[in-house]
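Scroll down for the structure; my scribbles are underneath it.
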Amino acid sequence: MIAIIDYDAGNILSVEKALQYLGEETVCTGERDVILQADKVILPGVGAFGDAMKKLRNRKLDEVIWEVVENKTPFLGICLGLQLLFESSEESKGIDGLGILPGRIVRLPEAKGLKVPHVGWNSLHFPSEGTLFHGIAEGAYVYFVHSFYLQAEEAATVKATTQYGVTVHASVERDNVFACQFHPEKSSDTGLKILNNFITFTGREG
């Protein structure tokens, strides 16, 4: 069973539908015990970094997410769910993120011919092998909707990048923690393959 964390930050229904299309049993929940009993956990989300962190903390879901990670349960952050895993965001100065991974979220720069927010399909480059991208061709297109992007501190965690005026760290992974700035649930067959790679991840020894 896959738990989708419900903290009133949107983007839940499309994730749930994609997982059900892949034949997975899902539950959308903000209940600690249900989340901790799940085989895998997904943190979706759209909207503002600061508002989302307040909602997580008010529900004590920040503590639950840390428990999930420490229990080595496979965990996937999507879009805002990726950003919340890091330490801070220029969007909401003075508000700490979860700090599970080192790095910060910064605003996409204005550039000629490029609109902010970035909405649309962009191709991926893979600087190193990532679990989520097994069987995905270099240059595959996925769907983005964002105004802020990740600057990860640990280069080894960055498994996919895209170009949008700057190099965007589009996906990261470390141990049982995975995250995508793009929306795999809205990225057609490529996105479904990425989600299936997460579903079939069984953990690492050591």
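The values are calculated or read from the model by the stated rules, or taken from the named source; none is laboratory data. No experiment lies behind these values; they were computed from the predicted model shown. Note that we place each Cβ from the backbone using ideal geometry, even for glycine, and neighbour counts take in every protein chain shown. Note: accessible area is taken over every heavy atom of the protein model, side chains too, but ligands, DNA and RNA are not part of it. Shrake-Rupley method; radii C 1.70, N 1.55, O 1.52, S 1.80 Å.
Among residues belonging to the range 31-55 that are part of a helix (DSSP H, G or I) and either under 13 Å from I4 (Cβ atoms) or of a type in the set (S, T, Y) (or both), point out the one that is most open to solvent (accessible area, probe 1.4 Å). Quick ask: steps written out before the conclusion?
From the range 31-55, those part of a helix (DSSP H, G or I) are 32-37, 49-55; that's our starting set.
Those still in the list that are either under 13 Å from I4 (Cβ atoms) or of a type in the set (S, T, Y) (or both) too: 34-35.
On the way: V34: 47, I35: 1 Å².
Among those residues, the one meeting the criterion is V34.
One residue is enough: does the range 105-121 have a residue meeting the conditions closer than 30 Å to R32 by Cβ, of a type outside the set (A, V, I, L, M, F, W, C), open to solvent by 10 Å² or more (accessible area, probe 1.4 Å) and modelled with pLDDT of 95 or more?
Looking for residues that are closer than 30 Å to R32 by Cβ, of a type outside the set (A, V, I, L, M, F, W, C), open to solvent by 10 Å² or more (accessible area, probe 1.4 Å) and modelled with pLDDT of 95 or more, one finds none in the range 105-121, hence no.
Within the range 27-86, can you find the residues that are touching a residue at least 60 places away in the same chain (Cβ under 8 Å) and hydroxyl-bearing (S, T, Y)?
Correct list: T73 only.
When you go through T161, T202, T167 one by one, which is the residue that is open to solvent by 10 Å² or more (accessible area, probe 1.4 Å), farther than 18 Å from P44 by Cβ, of a type in the set (S, T, N, Q) and at pLDDT below 95?
Working: T161 fails: at pLDDT below 95; T167 fails: at pLDDT below 95.
None of the others qualify; the one that does is T202.
Residue check: is L124 out of contact with any helix residue (DSSP H, G or I) (no Cβ under 7 Å at 6 or more places or on another chain), crowded, with 21+ Cβ neighbours inside 10 Å and more than 27 Å from E70 (Cα to Cα)?
Values: out of contact with any helix residue (DSSP H, G or I) (no Cβ under 7 Å at 6 or more places or on another chain): yes; crowded, with 21+ Cβ neighbours inside 10 Å: yes; more than 27 Å from E70 (Cα to Cα): yes.
When the stated conditions are applied, L124 passes them.
For residues that are of a type outside the set (G, A, S), open to solvent by less than 60 Å² (accessible area, probe 1.4 Å) and within 24 Å of L114 (Cβ to Cβ), scanning just the range 170-197, find the one that is farthest from the chain's Cα centre (by Cα). Please lay out each step first, then the result.
Going through the range 170-197, the residues of a type outside the set (G, A, S) turn out to be 172-178, 180-186, 189-190, 192-197.
Next, only the ones that are open to solvent by less than 60 Å² (accessible area, probe 1.4 Å) stay: 172-173, 176-178, 180-185, 190, 192, 194-197.
With the extra rule that they be within 24 Å of L114 (Cβ to Cβ), the set shrinks to 172, 180-184, 190.
Numbers: V172: 8, C180: 4, Q181: 6, F182: 8, H183: 8, P184: 9, T190: 16 Å.
Among residues in the range 170-197 that are of a type outside the set (G, A, S), open to solvent by less than 60 Å² (accessible area, probe 1.4 Å) and within 24 Å of L114 (Cβ to Cβ), the one farthest from the chain's Cα centre (by Cα) is T190.
Output the residues belonging to the range 56-85 that are charged (D, E, K, R), farther than 19 Å from T202 by Cα and not in a loop (DSSP other than H, G, I, E, B). Give the derivation first.
As a first pass, look at the range 56-85 and keep what is charged (D, E, K, R): 57, 59-60, 62-63, 67, 70, 72.
Next cut, farther than 19 Å from T202 by Cα only: 57, 59-60, 62-63.
Across the range 56-85, the qualifying residues are R57, D62, E63.
What's the number of the only condition in (1) open to solvent by 30 Å² or more (accessible area, probe 1.4 Å); (2) closer than 22 Å to E70 by Cβ; (3) modelled with pLDDT of 95 or more; (4) not acidic (D, E) that H134 fails to meet?
(2)
Condition (residue is part of a helix (DSSP H, G or I) and open to solvent by less than 50 Å² (accessible area, probe 1.4 Å)) applied to the range 17-30: is it met by at least one residue? Lay out the reasoning, then the answer.
The first filter runs over the range 17-30 and keeps only residues part of a helix (DSSP H, G or I), leaving 17-21.
This time we only want the ones that are open to solvent by less than 50 Å² (accessible area, probe 1.4 Å), so: 18-19.
Yes - at least one qualifying residue is present in the range 17-30.
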